[in-house]
Amino acid sequence: MSRIRKLSEGTINRIAAGEVVERPASAVKELTENAIDAGARHIDITISAGGKNLIQISDDGCGMNAEELTLAVQRHATSKLKLDGAGREDLLNIASLGFRGEALPSIGAVARLAITSRPSADETACRIEVEGGTVGEAEPAAGPIGTRVEVRDLFFATPARLKFLKSDRAETQAVSDVVKRLAMAHPEIGFTLVSEGRHLLRLPAEAPGKEGWLARLAGIMGEEFRLNALPIEAVREGVRLEGFAGLPTFNRGTAQHQYLFVNGRPVRDKLLVGAVRGAYADFLARQRHPVVALFVDIDTAEVDVNVHPAKTEVRFRDAGLVRGLIVGALRLALTEAGHRASTTVAETALSALRPEPLARDDAGFNAPGAAPWQGHPLSPSSFSVPPASYAYAGRPGAEAQAGFAGLGQSARVEPALAQEQQQVPGSADYPLGVARGQLHATYVISQTADGIVIVDQHAAHERLVYERMKKAMAARGIPRQLLLIPEVVDLDGNGAERLCARAEELAELGFVLEPFGEGAVVVREVPGILGKLDVQALVRDLADDLTELDEALSLKERLEDVCGTIACHGSVRAGRRLSGEEMNALLREMEETPHSGQCNHGRPTYVELKLSDIERLFGRR
């Protein structure tokens, strides 16, 4: 007797269901995609217990008649695959979201499924039920044009699967995420999502065009994204990239706010995620992630969506082309943003300054014994501004640029002047204003036409030095400065060996060093644009950087790591007093330098407070 036997139809269906329907969110995804493919203009989704007890999806699409409804619940029956010239189904040109013909029979194999549908040509609807894989007859029913799918008691036929589901709250969140991604790709369709009688999403259909698209994204990702989004649009060799990307200072602690789509299909593709990370590598710390919504449109013959049953992974015929397009388009948009920082920086600062309600008696006066400003962020005791640390700025101009050129050297601090004695015209001519002083020898305060700007001098100068190094390397290489007395640096472990192994590459970055006995190196030349710096500390940090770098990568490929370390050591330090010319020169160069709104680690370099916001703080508005 043969040990090999053919599986029963029920077992086959349950195995297939395990691949397609992993959790309630998987069923919602498949059914919503069917509604989109059916040409729906509005889709209503209702769930209960995270989708375990009930999933109901109603649409106003093309609908199905009784014959089509009977075929739709059979395995591998679909209307979405075209025939090629030889009369075979063409799996290389897939223009729809669903195409396998597995969703409905798979769901019906593990749940109680009921479908009511009516095409526009019919006067009545039809209804069919599938319970645990048993298919009923299609019967007449009442219903509007379109389709309503009800899924009850998901996995009742495979109870072991229920043990692997998460809490109702977690499953509801997964369903919400699926619907959000599909709604982002189809702003022309209205979506509602209701859970336990509560609306989680209520998204009206948006007008065509970028404004409608951005409105849909703002409805899902928040109004802050609209205020801090950069438009992305690029075309290369027939591949089109569109969407919006957040400013580097508008970032998150996880990558879950990165939404990527290929031909309207939400995907979680490693190639696309890696391209986004590479584009932002110069601007964000490694534990921070950008917020983006990017849409790739490509010839269906150039991408394979038939890689995984969940259809969340794709494979490109020319992966390098797609990656290069994404990286190039994002970097161009970030460069054109100039020194712009996200609006959330100012909002965070204002929320920290906003006063709490004062203790008052019934008559509206301060309560007896209450000190109105005691312990308040704006109380006099919270400020410590020694007069000697507050140097007022002089007139910006050529002298300022000359003064800024010497920031690597020691600077003379101007004596503090009374504000009324100053005559500093032209603040309206500069986006970052004109310097009015330096606070705690760390923050430059400038006045703009309609507010004030507070600049972190170290973070700002770090970005400027970094951008200069990149520009110099791309043009002619970084000029080097010979040390009159070579610096010998002792290193722990294998630090000296790692540095000497990369000596040629470090020389391209402006560092000339060589071995000096066991566990030590001697530095003979340093990058000329850095001025005075602590060579010992910098070399030790470079050795630590090389410990974490992949040996297969060149330093040019990891420019942001090495140059970032060099720029940090060569920048104006916090606690350094600046003259008025130096402060203004710093502001002017920030205005002219791309990406100067954030340092190399993604932190903001300045905060801008509008006069209207300041007036609200003091109750003037």
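Structure notes:
- Flag for TYR280 being modelled with pLDDT under 90 and either in contact with a strand residue (DSSP E or B) (Cβ under 7 Å, 6 or more places away or on another chain) or closer than 30 Å to VAL465 by Cα (or both): yes
- Residue within region 545-561 that is exposed (fewer than 14 other Cβ atoms within 10 Å of the Cβ) and either part of a helix (DSSP H, G or I) or at pLDDT 85 or above (or both) present: yes
- Against the conditions (1) in contact (Cβ under 8 Å) with a residue 60 or more places away in the chain; (2) more than 24 Å from the chain's Cα centre (by Cα); (3) assigned to a helix (DSSP H, G or I), ALA205 satisfies every one except (3).
- Test: GLU224 is at negative phi, at pLDDT below 90 and in a helix (DSSP H, G or I): yes
- Single residue of region 33-52 satisfying the filter (of a type in the set (S, T, N, Q) and modelled with pLDDT of 95 or more) that is farthest from LEU104 (Cα to Cα): SER48
- The number of residues in region 454-472 being buried (at least 24 other Cβ atoms within 10 Å of the Cβ) and not in a helix (DSSP H, G or I) comes to 1.
- Pairs meeting the criteria (first residue in region 132-149 and within 23 Å of ILE12 (Cα to Cα), second residue of a type in the set (Gly, Ala, Ser), beta carbons under 6 Å, at least 6 apart or on different chains) are GLY132/ALA157; GLY133/GLY10; GLY133/ALA109.
- Taking the criterion of being in contact with a helix residue (DSSP H, G or I) (Cβ under 7 Å, 6 or more places away or on another chain) and part of a loop (DSSP other than H, G, I, E, B), the residues of region 583-621 that qualify are THR593, PRO594, HIS595, SER596, CYS599, ASN600, ARG603, THR605, ARG621.
- The set of residues in region 196-241 that are under 14 Å from ALA293 (Cα atoms) and of a type in the set (Val, Ile, Thr) comprises ILE220, ILE232.
- Residue match in region 156-174 (condition: touching a strand residue (DSSP E or B) at 6+ places or on another chain (Cβ under 6 Å) and within 30 Å of PHE225 (Cβ to Cβ)): yes
- Residue in region 450-467 that is within 14 Å of ARG588 (Cα to Cα) and either outside the structural domain of THR593 (by TED's automatic domain parsing) or among the basic types (Lys, Arg) (or both) present: yes
- ALA49 vs. criteria in contact (Cβ under 8 Å) with a residue 60 or more places away in the chain, over 16 Å from VAL130 (Cβ atoms) and out of contact with any strand residue (DSSP E or B) (no Cβ under 7 Å at 6 or more places or on another chain): yes
- Among the residues making up region 473-496, those that are within 38 Å of the chain's Cα centre (by Cα), modelled with pLDDT of 80 or more and surrounded by fewer than 19 Cβ atoms within 10 Å (Cβ to Cβ) are ARG480, ASN494.
- Candidate set from region 75-91 (those that are touching a strand residue (DSSP E or B) at 6+ places or on another chain (Cβ under 8 Å), part of a loop (DSSP other than H, G, I, E, B) and not acidic (Asp, Glu)); member that is modelled with the highest pLDDT: LYS82
- Filtering VAL322, VAL345 for residues that are part of a helix (DSSP H, G or I), in contact with a strand residue (DSSP E or B) (Cβ under 8 Å, 6 or more places away or on another chain), modelled with pLDDT of 85 or more and under 29 Å from ALA218 (Cβ atoms) leaves a single hit, VAL322.
- Qualifying residue in region 230-245 (condition: in contact with a strand residue (DSSP E or B) (Cβ under 9 Å, 6 or more places away or on another chain), surrounded by 23 or more Cβ atoms within 10 Å (Cβ to Cβ) and at pLDDT below 90): no
The values are calculated or read from the model by the stated rules, or taken from the named source; none is laboratory data. This one's a predicted model, so the numbers in the text were calculated from it and none came from an experiment. As a convention, Cβ positions derive from the backbone with ideal geometry for all residues, glycine included, and neighbour counts pool all protein chains shown.
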